[in-house]
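S.K.: Submitted below is the structure of interest, expressed as C-alpha cells.
The values are calculated or read from the model by the stated rules, or taken from the named source; none is laboratory data. From a predicted model like this one, the values you see are computed outputs, not experimental measurements. Cβ: placed from backbone, ideal geometry, glycine included. Neighbour counts: every protein chain shown. Remember, those area values only see protein heavy atoms, side chains included, never the ligands or the DNA or RNA. Shrake-Rupley method; radii C 1.70, N 1.55, O 1.52, S 1.80 Å.
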Amino acid sequence: MAHAHEATSSGVPGVLVGIDGSAGSERAFKVGLMIAKQRQWPLRLIGTFIRPVVTDDYYVRQLDQYRSEAANTVQDLLDTYSARAAEAGVEVSTRTAEGDAGATLVDESSEARIAVVGKRGRNRFAGRFLGSVSAKLTAHAHCPTLVVPERWVSDSETELLAPHQDRPGAEAAHEEPVTLMEESAAREHTRRSFANVTDELNFDSEIVVGVDVGDRAADVVHLAAEAAELVNSPLTLVSAAPLNAQGHWYPNTVEHNLELPNLRRRYTDHLEAMTQEVAAKSTGVPVRWQFFDGSPAGVLSEASRTATLLVIGTRGHGGFAGLLLGSVSQAVLNRAVCPVLVIPTQKPHKLRKH
C-alpha cells in the first residue's frame, strides 16, 4: 500500500519549503511564499513522516494503519498551506513522503531554484541549535538555501533585537575581538543607530556577503548582488582574518606589526576586484567593502545582528552530513540572527527570473 501523496508539479524549478507545523516552518513558508510571488516562481511544499522501528507482533500488525494515518495527517497540513499559497496567487504543489526530512529536502533541492528552511531555536553559541534538518540541507543542497531564524524580542527602542555576540565555546567568554582595518568608501545611505552596536559593525538595511579569497568567491558575490538588486538594498563585501600572531591575547612583535599591511593586502586587493566586478555588472546596486582583523565567523555573526541578509558560500555536499559545510559556515549559521543565504560553490546559481 502506498503511504505518500503528491500534487502534480509543473516541473518548473521554483521555491522549495519544508513544512512540519512548527514555528520555524511557518516562518520559512511566509518567506518562501514572498519569494515565489515576487519572482513568479512555483512553490513546492514538502512534508515527511518517519516510519517507526517495531519488533512486537502487535505493533507490526498496526504499522500499516499508522503509516496511512501519518501520511493523511501530513497531507492535511500541506493542504492548509497550499490553500494559503493558492489564495495569494502562487502556483503550488505538495509532496508527502515517508522518510528523513533532511534527506528528502536535499533530493528535492536538485529541482529547485532556492530552498527555504527555518532555524530551530535562538542560541549564539556554535553547535547548539541549528537543527538536523537545516544543517543537513545547508550542507548538501543542490541549490541555494535560505535559513530563516527566530526573531529576537526586545522592549528597547535603542538596542537591537539581538544581544551582543559572544565567542563560541563558553557562555561566560569575553566578546570576540573585532577591529575594522580598511574599507573602500564611506556609506552613502542612512542607517539607524543602536546603543549596543559599534558604527563599524552597523550594517543596517544592507546585504552582507562573506568573501573568501578562493576561486569560487565570485559566484557567491554575484549571487549576493542579484539578491541586493531584487530587494533594492546596498551590498557590502566583508572579509576577515585574525592578523595577530598570538591570536589577540599577547602583544605582537615589532616585526609582525610591520608585516600587517602585506598580510591583509591579498584580502583587500581581492575585495576591491570583486567590488569593481559587481559595480560593472549590477549598476543599480551600491557596493562597498570592509576588511576586519578578527575571525570570519565572529565578524559575520556580528554583522548578522544588523544586516537585512547575510550571504555565505559553502564548499558543497558530500557523503557525510555536516562534514563538508565548513567550520565558518557552520559557526555563522548557528550564531546568526538574520536570514542567511547559503550558496553551494560547486556550480553557479541564479535568483533571477528567466
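S.K.: Kindly provide the set of residues from segment 62-87 that are open to solvent by less than 30 Å² (accessible area, probe 1.4 Å) and closer than 18 Å to Glu26 by Cα, ordered by number.
M.R.: First, the residues of segment 62-87 that are open to solvent by less than 30 Å² (accessible area, probe 1.4 Å): 63, 70-71, 74-75, 78, 81-82, 85.
Of everything in segment 62-87, those that are open to solvent by less than 30 Å² (accessible area, probe 1.4 Å) and closer than 18 Å to Glu26 by Cα turn out to be Val74, Gln75, Leu78, Tyr81, Ser82, Ala85.
S.K.: On to the next question. Given the criteria surrounded by 13 or more Cβ atoms within 10 Å (Cβ to Cβ), farther than 15 Å from Ile114 by Cβ, modelled with pLDDT under 95 and of a type outside the set (Gly, Ala, Ser), does Glu91 qualify?
M.R.: Against the criterion (surrounded by 13 or more Cβ atoms within 10 Å (Cβ to Cβ), farther than 15 Å from Ile114 by Cβ, modelled with pLDDT under 95 and of a type outside the set (Gly, Ala, Ser)), Glu91 does not qualify.
S.K.: Out of Glu150, Glu176, report the one residue that is under 13 Å from the mean Cα position of the chain (by Cα), more than 20 Å from Leu235 (Cβ to Cβ) and at pLDDT below 85.
M.R.: Glu150
S.K.: Let me ask something else about it. What about Val342, is it of a type outside the set (S, T, N, Q), surrounded by 20 or more Cβ atoms within 10 Å (Cβ to Cβ), modelled with pLDDT of 85 or more and within 17 Å of Ser233 (Cβ to Cβ)?
M.R.: Here the answer is no, as Val342 does not meet what is asked.
S.K.: Condition check: outside any strand (DSSP E or B), farther than 12 Å from Val211 by Cα and touching an Asp or Glu at 6+ places or on another chain (Cβ under 8 Å). Does Glu302 satisfy that?
M.R.: Numbers: outside any strand (DSSP E or B): yes; farther than 12 Å from Val211 by Cα: yes; touching an Asp or Glu at 6+ places or on another chain (Cβ under 8 Å): yes.
Taking the combined requirement at face value, the residue satisfies it.
S.K.: Right, Ser134: surrounded by 16 or more Cβ atoms within 10 Å (Cβ to Cβ), at pLDDT 70 or above and of a type in the set (Gly, Ala, Ser) or not?
M.R.: yes
S.K.: Checking Ala245 against (1) modelled with pLDDT of 90 or more; (2) surrounded by 15 or more Cβ atoms within 10 Å (Cβ to Cβ); (3) more than 30 Å from Ser134 (Cα to Cα), which test does it fail?
M.R.: (1)
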